[in-house]
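Participant: After the structure tokens below, expect a handful of questions from me.
Every number in this text was worked out from the coordinates using simple rules, so none of it is lab data. From a predicted model like this one, the values you see are computed outputs, not experimental measurements. As a convention, Cβ positions derive from the backbone with ideal geometry for all residues, glycine included, and neighbour counts pool all protein chains shown.
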Amino acid sequence: MIRVVAGLIEDDQGRLLACRRPEGKHLAGKWEFPGGKIEAAESPARALVRELQEELGVTVDVGKALTPVVHDYGRGPIELIPLRCRIASGSLDAREHSELRWCTAEELTRLDLAAADLPILAEWMTSESE
Ligand SMILES: Nc1nc2c([nH]c(=O)n2[C@H]2C[C@H](O)[C@@H](COP(=O)(O)OP(=O)(O)OP(=O)(O)O)O2)c(=O)[nH]1
């Protein structure tokens, strides 16, 4: 199964960073939590640090995992692993997304999120912030 890591990047106001997938990619135009495919022999945390450096130009400190979600968009199942994190250094640069947006919980519920992210958002909204 393809394993994908997704970063729930929180700011000091408790908002999360939502990123919009660009034209030409699977799920173009949908919003997601930034991340990507985990390479062989790579831990989810290591993959998240690498992906967020590549796609956003930031280094993150990785926190707790939420519950992984298995979803199939019709091309075989993916396992999406959500990890909470915070920006440690760098400034955000949309290198692989068409748009970046800091969102409150309420704003996130109104975004057109990728389907696999919906249970992750629901769990994040009920979890205590740490
Ligand atoms: N990164 C990311 N992918 C997600 C999320 N939700 C979700 O369903 N996906 C899906 C979209 C893709 O089918 C798959 C991973 O996609 P990706 O396109 O980000 O991975 P990638 O950059 O490493 O790979 P590539 O397809 O561009 O080679 O997971 C999410 O919140 N973040």
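Participant: I'd like the Karplus ³J(HN,Hα) series for segment 107-124: coefficients 6.51, -1.76, 1.60, θ = phi - 60°, whole numbers in Hz, and an x wherever there's a Gly or Pro.
Facilitator: 5, 5, 5, 9, 7, 8, 7, 4, 4, 5, 7, 5, x, 5, 4, 4, 5, 4
Participant: If I build a Gaussian network model for the chain, linking alpha-carbon pairs within less than 10 angstrom, which residue out of 52, 83, 92 has the largest mean-square fluctuation?
Facilitator: Highest fluctuation among the options: 92.
Participant: Through the Karplus equation 6.51 cos²θ - 1.76 cosθ + 1.60, θ set to phi - 60°, convert the phi angles of segment 2-10 into ³J(HN,Hα) values in whole Hz; use x for Gly and Pro.
Facilitator: Using θ = phi - 60°, the values come out as 6, 9, 10, 9, 10, x, 8, 8, 9 Hz.
Participant: 5 Å is the cut-off here: which amide hydrogens, built 1.01 Å from N in the peptide plane, fall below it relative to residue 36, excluding neighbours closer than 5 in sequence?
Facilitator: 5
Participant: Turning to a different aspect of this structure: For a quick check: with amide H placed at 1.01 Å from N, whose amide H comes under 5 Å from residue 63's, ignoring anything fewer than 5 positions away on the same chain?
Facilitator: For residue 63, whose amide H was placed from the backbone, the distant partners under 5 Å are 84, 85, 86.
Participant: Taking the DSSP beta bridges in segment 2-126 as the whole, what percent of them are antiparallel, to the nearest 5? If you can, show how the numbers build up before the last one.
Facilitator: On the way: 20 of 29 bridges.
Percentage antiparallel, nearest 5: 70.
Participant: Would you mind calculating the relative contact order of segment 2-126 from Cα pairs under 8 angstrom and at least 6 residues apart, reporting the percent as a whole number? Don't skip to the answer; put the middle values down first.
Facilitator: On the way: 251 pairs, mean separation 41.8, N = 125.
The normalised contact order for segment 2-126 reaches 33 percent.
Participant: Top mean-square fluctuation among 18, 45, 94, Gaussian network model of the chain, C-alpha springs under 10 Å?
Facilitator: Evaluated over the chain, the most mobile residue of the options is 94.
Participant: log10 I(q)/I(0), Debye, Cα-only the chain, no solvent, q = 0.12, 0.16, 0.21 Å⁻¹?
Facilitator: Scattering profile of the chain, log10 relative to I(0): -0.40, -0.75, -1.41.
Participant: Between exposed trypsin sites (Lys or Arg not before Pro) in the chain, where DSSP calls loop and at most 12 other Cβ atoms lie within 10 Å, what's the longest gap?
Facilitator: Working: sites that count: 25, 75, 95, 110.
Answer - 26-74.
Participant: Using helices alone, what [θ] at 222 nm do you get for the chain, with -39,500 (n - 2.57) per DSSP H run of 4 or more residues, divided over all residues and rounded to the nearest 500? Mind showing how you got there, number by number?
Facilitator: On the way: 3 runs with 27 residues, N = 130.
It lands at -6000 deg cm²/dmol.
Participant: Hey, can you grab everything whose amide H is under 5 Å from the amide H of residue 30? Only 5+ residues off in sequence or another chain; H modelled, so Pro and N-termini drop out.
Facilitator: The answer is 21.
Participant: Of 1, 105, 69, which is farthest along the charge dipole of the chain in the positive direction, counting Lys and Arg as +1 and Asp and Glu as -1 at C-beta?
Facilitator: Final value for the positive-end residue is 1.
Participant: Still on this structure, please answer the following. Quick one: divide the alpha-carbon radius of gyration of segment 79-130 by 2.2 N^0.38 Å and tell me what you get. Each step should come with its number before you reach the end.
Facilitator: Details: Rg = 12.5 Å, N = 52, 2.2 N^0.38 = 9.9 Å.
With N residues counted in segment 79-130, Rg over 2.2 N^0.38 Å equals 1.27.
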